[in-house]
1. Pop out the carbon and sulfur fraction of the accessible area of the chain as a percent, whole number, probe 1.4 Å.
2. I need the GluC sites (Glu not before Pro) found in region 137-240, filtered to DSSP loop residues with at most 16 other beta carbons within 10 Å of theirs.
3. Send over a whole-number figure in Å² for the accessible area per residue of region 1-47, probe 1.4 Å.
4. Where does helix 61-71 land angle-wise versus the long Cα axis of the chain, in degrees 0 to 90, nearest 10?
5. Size of the chain along its principal axes in angstrom, Cα-based, largest extent first?
6. Which links in K115/K213; K24/K103; K209/K236; K115/K177; K35/K103; K26/K231 stretch past 30 Å when you go from one Cα to the other?
7. Just to confirm the number: angle between the C-alpha axis of helix 33-42 and the first principal axis of the chain, 0 to 90 degrees, nearest 10?
8. Calculate how steeply helix 107-134 sits against the longest principal axis of the alpha-carbon atoms of the chain, using the helix alpha-carbon long axis, and give the answer as 0 to 90 degrees to the nearest 10.
Amino acid sequence: MQILMIEDNKSVSDMMGMFFKKEKWKVTFAYDGVKALEIFKTDPQQWDIVLLDLNLPGKDGMEVAAELRRTSHTVPLIMLTARDSESDQVLGLEMGADEYITKPFSPITLIARIKALHRRVLMNKHNNNAEQQAGKFDVRTAHLKISTATREVYLDGKLISDLTPKEFDLLKTLAQKPMQVFSREQLLQMVWDYEYYGDERTVDAHIKKLRQKLEAVGPQVVQTVWGVGYKFDDSKIDEG
């Protein structure tokens with residue numbers, strides 16, 4: 001794995017560097033936001049995981065996250081921060097983070113999160129190869145088509161662009177079983193690929209961004225079931 005760790009605390013970077021070496025992962029460190037973006041943009045496709053601290057010199061971590069997402073919608077992004085307020089966590093997730101880990105954190109826990117994200121990336125690549133050979137959309141409903149191979153989503157023929165990995169996986173999970181209600185806990189386990197030790201508002205933040213992108217092209221198909229969770233429902237779209 002090739003990791004970019006953006007962290008201005010050198011002791012934290014050095015500590016994690018030892019754990020990465022034990023896993024035989026390659027890591028590049030950046031200690032400020034401006035330099036981090038320079039490093040990332042030299043070859044955005046090379047990074048398997050980006051670890052981003054929010055309290056950075058040069059350029060704030062939230063600004064860095066926004067720029068990273070403008071450059072790449074698919075690179076897995078984990079935010080590391082001492083900011084533990086609900087508003088900061090929701091904002092971080094809305095900026096495109098796949099994970100939000102509050103400091104101080106256990107290196108072993110972080111390693112487990114990285115492995116879980118990487119497993120999902122590998123699984124998606126495997127599915128992509130299978131779908132490329134099949135040459136078809138692997139999820140179809142009355143109004144929605146999803147291709148895991150190309151990471152494309154069409155609502156009534158209109159492309160829904162710029163979905164992050166988690167937004168894509170959330171929509172695919174819901175659309176594979178239209179009308180079935182998924183609790184937040186179920187979605188955390190299915191989409192995040194492990195027993196999540198965070199807040200269920202993680203799901204709400206990703207759903208909010210997903211809905212904004214869906215509404216940009218057509219009717220809303222991700223519905224809230226109050227007190228339970230979310231479901232996919234495109235049965236009420238007016239075709240006339």
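1. Values: 5710 of 11510 Å².
Looking at the chain in its full context, I get 50 percent from C and S.
2. Details: sites: E152, E167, E185, E195, E200, E215, E239; in loops: E195, E200, E239.
Passing sites in region 137-240 are E195, E200, E239.
3. Values: 2660 Å² over 47 residues.
Spelled out: the 1.4 Å probe surface of region 1-47, per residue, equals 57 Å².
4. 50
5. Sorted largest first, the three principal extents are 60, 42, 30 Å.
6. K26/K231
7. It works out to around 60 degrees.
8. 40
The values are calculated or read from the model by the stated rules, or taken from the named source; none is laboratory data. Being a predicted model, the structure only gives us computed values, none of them experimental. Cβ: placed from backbone, ideal geometry, glycine included. Neighbour counts: every protein chain shown. Quick note on the areas: whole protein, heavy atoms, side chains included, nothing else; ligands and nucleic acids left out. Shrake-Rupley method; radii C 1.70, N 1.55, O 1.52, S 1.80 Å.
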